[in-house]
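Below you'll find the structure, written out as structure tokens, and then a few comments.
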Amino acid sequence: MFLSFLLIILFNQYSVITPQNEPTYFVDDFEMGLTDDWKGRHAGHETIYQIRKEKDNQFLAAISANSDNLIVKQIEVDLVEYPYLNWKWRATTLPKNGDESVKANCDVAASIAVILNTNRFFPKSIKYSWSTTLEKDSLTESPFAFWPSSCDIRVMESGAQNLGKWQTEKINVLADYQQFNDLQKVDTKLVYAIVIMTDSDNTETLSAANYDDIYFSKN
């Protein structure tokens, strides 16, 4: 399970200090390239996740050909202080029949996930996806996560309607965490890592997307 892999990475990285009283918590805008802070699931992730440039803007471009590779960056941010995750993305190729709720078709053009604990045996995360087939705003779970592990999924974009167009996203991750876990109040909840994944191994097709301007905000 990829979450277990991610938690092994977390246990072997330096600590990250959450800034206090800042309006945003910066994750990456890729203007400095794909830095060493981003670790790959497998060797060779640099051939899938590369920096591209349009006019004066750099962004991350991902192209997957039958691959399940991903990249992960360790962070430490409290969702109570910074509940909103913001980013831009642009899907350019959808994996054929991709459906992240079914093992046989569990591929997405684009996804960003937040890792919510450091227990390598029972990892928990929330994943935001650009789905080929699932409807926008639908909720599901990863078929590869088994209780008490969890990977809850919210579909942010769906299908080819906005293919090739940059879309700006903003989601209240704290509210999603409370909804998925049936919680009325949360005093503190840390995010330990951000995962970017464009994959196509289950459908054995192609998928591609671009990512940019990832950060958490207070509102």
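Quick rundown of the values:
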{"item": "Any hit, segment 165-172, residues being of a type outside the set (S, T, N, Q), within 19 Å of D28 (Cβ to Cβ) and buried (at least 21 other Cβ atoms within 10 Å of the Cβ)", "result": "no"}
{"item": "Residue list for segment 62-74, filter: surrounded by fewer than 22 Cβ atoms within 10 Å (Cβ to Cβ), in a strand (DSSP E or B) and within 15 Å of the chain's Cα centre (by Cα)", "result": "K73, Q74"}
{"item": "Members of segment 121-145 found to be modelled with pLDDT under 90, surrounded by fewer than 16 Cβ atoms within 10 Å (Cβ to Cβ) and farther than 24 Å from N66 by Cα, listed by number", "result": "F121, F122"}
{"item": "Some residue of segment 209-219 being closer than 18 Å to K124 by Cα and more than 14 Å from the chain's Cα centre (by Cα)", "result": "no"}
{"item": "Residue selected from segment 190-206 under the condition among the acidic types (D, E) and surrounded by fewer than 23 Cβ atoms within 10 Å (Cβ to Cβ), by the criterion nearest to K96 (Cα to Cα)", "result": "E204"}
{"item": "Within segment 167-194, tally of residues that are in contact (Cβ under 8 Å) with a residue 60 or more places away in the chain and in contact with a Lys or Arg (Cβ under 8 Å, 6 or more places away or on another chain)", "result": "8"}
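Residue-by-condition table, conditions (1) in contact with a Gly (Cβ under 9 Å, 6 or more places away or on another chain); (2) modelled with pLDDT under 95; (3) at positive phi; (4) not hydrophobic (A, V, I, L, M, F, W, C):
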site: V80; (1), (2), (3), (4): no, no, no, no
site: N86; (1), (2), (3), (4): no, no, no, yes
site: V108; (1), (2), (3), (4): yes, no, no, no
site: L116; (1), (2), (3), (4): no, no, no, no
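The values are calculated or read from the model by the stated rules, or taken from the named source; none is laboratory data. For clarity, every value in this text was computed on a predicted model and none was experimentally measured. Positions of Cβ are backbone-derived with ideal geometry, glycine not excepted, and every protein chain shown enters the neighbour counts.
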